[in-house]
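One structure below.
The values are calculated or read from the model by the stated rules, or taken from the named source; none is laboratory data. Keep in mind that this is a model prediction, so the values were computed, not measured. In this analysis, Cβ positions are derived from the backbone assuming ideal geometry, glycine residues included, and neighbour counts consider all displayed protein chains. Side chains included, ligands, DNA and RNA excluded: accessible areas come from the protein's heavy atoms. Shrake-Rupley method; radii C 1.70, N 1.55, O 1.52, S 1.80 Å.
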Amino acid sequence: MTPLKYLQAYPSAVQDKVRQLIAQQRLGEHLATRYPGRHDVQSDKALYGYVAALKQRHMKQAPAIDKVLYDSKLDVVQRALGLHTAISRVQGSRLKAKKEIRVASLFKSAAPEFLQMIVVHELAHLKESEHNKAFYQLCQHMLPDYHQREFDLRLYLTWRELPSTNTPHPQE
């Protein structure tokens, strides 16, 4: 049985269905049907605007975000699809914290639904640092189908790592 590293926490029945799609070379087709588009948020400036708009809509009281960018160094293998950081610096007698959000560059060519899910995830970390019940409730508040999109994103990552097939890329 082939291990599905992005889907290890899911029940074996779900994993078996995914393995069946892979064996039939239909996983890419399945994803392309569900997520046919590709977003147009291609620059760091556009990404900052996108994140700021989502933050304004759902988290007006959260701390300001100082920097948002695509990061080619984020490693999907280490499960870092996005990253939030708070960099603290002493300036005179004050402690100043800068909030940053980084999104893995591979999502420049992904479906808009996947980018939105990652941004919602990282925004939720502005209020909840741990992946606890409150964190996931906040994610669902911002994106009601958050859990489905997270699962589908895991399918997308699984598909990306499959040996080359004749199946077209889900977003191309």
- Task: Kindly indicate whether Gln15 is over 25 Å from Ser105 (Cα atoms), part of a loop (DSSP other than H, G, I, E, B) and not acidic (Asp, Glu).
- Result: no
- Out of (1) charged (D, E, K, R); (2) at pLDDT below 95; (3) part of a helix (DSSP H, G or I), the odd one out for Lys45 is which? (2)
- Message: Going residue by residue through region 79-87, is there one that turns out to be at pLDDT 90 or above, open to solvent by less than 60 Å² (accessible area, probe 1.4 Å) and among the polar types (S, T, N, Q)?
- Response: no
- Go through region 58-74 and give me each residue that's of a type in the set (D, E, K, R), open to solvent by 70 Å² or more (accessible area, probe 1.4 Å) and touching a residue at least 12 places away in the same chain (Cβ under 8 Å). Asp66, Lys67
- Task: State yes or no: is Met142 aliphatic (A, V, I, L, M), surrounded by fewer than 22 Cβ atoms within 10 Å (Cβ to Cβ) and touching a helix residue (DSSP H, G or I) at 6+ places or on another chain (Cβ under 9 Å)?
- Result: yes
- Message: List pairs: first residue in region 11-36 and without any contact (Cβ under 8 Å) to a residue 12 or more places away in the chain and within 10 Å of Leu155 (Cβ to Cβ), second residue open to solvent by 50 Å² or more (accessible area, probe 1.4 Å) and part of a helix (DSSP H, G or I) anywhere in the structure, Cβ distance under 7 angstrom, at least six positions apart or on different chains.
- Response: Leu21/His30
